[in-house]
Amino acid sequence: MAESVTVRAPCSTANLGPGFDVFGLALDAYYDEIRLRKEGKGITIQSSSPIPLQPEKNSAGLVVREMSKKFKIKSAITMKIKKGVPAGFGIGSSAASAAAAAVAFNSLFELNLDSNTLVQFAGIGEMASAGSIHYDNVAASVLGGFVIVRTNPLDVISIDPPKDLVLCVAIPKITVPQNKTKVSRSVLPQQIKLSDHVENLANAAVITAGFMKKDVNLIGRSIRDIIVEPARQHLIPGFNKVKTNALAAGASGVTISGAGPSIIAFTSKSADPRKICKAMERGFAFAKTKCTTIVCKPSKGASVI
Ligand code: HSE
């Protein structure tokens, strides 16, 4: 058995519009790296990033604590966390760490867990930041590509994205509250109209078909959410302007990335992603907000390096 293992896991975008808490897509924009080593005393976290170092307050720490308990592993574990994914911007930062931790633990202790079980453990890490478990980001970070999560009972399905799918992500430079995901979940309606459900469900179903048929345009024009996006958009300065600008610049679909505040545009290689990024930057500038834009592609899932 190895004494240490290092795993790299990608960031991700969740929801893709109508797939709230169900869809995720791994992105090759940023990665977290976690090294687990059998040494020290209890569970110790080391990091040079400004993250909580108490295992119960850290998404990766929670995962390792739960897995140690569940598999009755008594070994001391020292975790070294290298954060590459910016935290609090809706691109699955806590999930990348949680996914890397679950995959690393599985490998270090040779548990041979299947992907549903890995995702289930990684999901526990979301408690640390979101206060509730949702599996869309962690599933994408564990498995890579486009994922669909059905929670009850848990089933995670992964589909290879079309090769020509390109994403433009605009990350605004705004201060986000510590418990941002909790806040952005608290503004969501508890009840919805049946006709709204039908519309979102149809769009979500077509997105799945778009991924299966490798049709970027079909995916893009189905990234339409009339339930969650309208309830959250007021939390993002300039949202409407960023969205209309990106669509006018050639994006086929635009929505909030996860719980925000980043905004993601779906496009293909044949469009001009840099032009879409510039259009998104102008949208944020209209609301006197600076942003970082990044052109990226779908990523593979967490892997031992
Ligand atoms: N599906 C979750 C949400 C993702 O939108 O609240 C949070 O990262």
Per residue, what accessible area does the range 4-160 have, given a 1.4 Å probe and all protein chains present, in Å²? 37
With labels modelled as points extended 7 Å from the Cα through the Cβ direction, what inter-label distance (nm, one decimal) is found for Lys173 paired with Lys38? 4.7
How much length is gained on full extension from Asp28 to Leu53, taking 0.36 nm per residue of separation minus their Cα-Cα distance? 6.4 nm
Between their Cα atoms, which of Lys213/Lys297; Lys214/Lys241; Lys57/Lys82; Lys182/Lys243 are more than 22 Å away from each other? Lys214/Lys241; Lys182/Lys243
Taking 8 Å as the Cα distance limit and 6 or more residues as the minimum spacing, I'd like the relative contact order of the range 176-305 as a percentage. 21
Contact order normalised by residue count of the chain, Cα under 8 Å, 6+ apart, percent: 24
The range 4-160 - percent of accessible surface contributed by carbon and sulfur, probe 1.4 Å: 49
Subtract the Cα-Cα distance of Arg274 and Ser303 from 0.36 nm times their separation in residues, and report this length gain in nm to one decimal. 7.5 nm
Under 5 Å between amide hydrogens, which residues at least 5 positions from Gly84 or on another chain qualify, with H placed 1.01 Å from N in the peptide plane? Tyr31, Asp32, Glu33
How much mean residue ellipticity at 222 nm does the chain get from its helices, if each DSSP H run of length 4 or more adds -39500 (n - 2.57) and you divide by all residues, to the nearest 500 deg cm²/dmol? -10500 deg cm²/dmol
Per the Kirkwood formula over distinct C-alpha pairs, the hydrodynamic radius of the chain in angstrom is 19.2
Can you give me the % of accessible surface on the range 171-244 that is carbon or sulfur? Probe 1.4 Å, all protein chains present, nothing else counted. 55
Starting from the Cα gyration tensor of the range 160-252, take the square roots of the eigenvalues, sort them a ≥ b ≥ c, and report rounded, prolate or oblate (rounded when a/c is under 1.5, otherwise prolate if a/b is larger than b/c, else oblate). oblate
In debye, nearest 20, what is the charge dipole magnitude of the chain about its Cα centre with +1 on Lys and Arg Cβ and -1 on Asp and Glu Cβ, if you could check? 780
Once normalised by the length of the range 1-95, the mean sequence separation of its alpha carbon contacts under 8 Å that are 6 or more apart gives a contact order in percent of 33
Could you give me the ³J(HN,Hα) list for the range 26-32, computed from phi with Karplus coefficients 6.51, -1.76, 1.60 and θ = phi - 60°, whole Hz, x at Gly and Pro? 6, 10, 8, 6, 9, 9, 9
What distance in nm separates the simple spin-label points at Val198 and Ala248, each placed 7 Å from Cα in the Cβ direction? 3.4
What distance in nm lies between label points placed 7 Å from Cα along the C-beta direction at Leu154 and Arg282? 4.6
Per-residue HN-Hα couplings for the range 104-120, Karplus 6.51 cos²θ - 1.76 cosθ + 1.60 at θ = phi - 60°, whole Hz, x for Gly and Pro? 5, 4, 4, 6, 4, 9, 6, 8, 6, 6, 7, 5, 4, 5, 4, 5, 4
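The values are calculated or read from the model by the stated rules, or taken from the named source; none is laboratory data. Quick caveat, the model's predicted, so the values are computed rather than measured. Positions of Cβ are backbone-derived with ideal geometry, glycine not excepted, and every protein chain shown enters the neighbour counts. When the accessible area is computed, the model is the full protein with side chains, heavy atoms only, and any ligands, DNA or RNA have been set aside. Shrake-Rupley method; radii C 1.70, N 1.55, O 1.52, S 1.80 Å.
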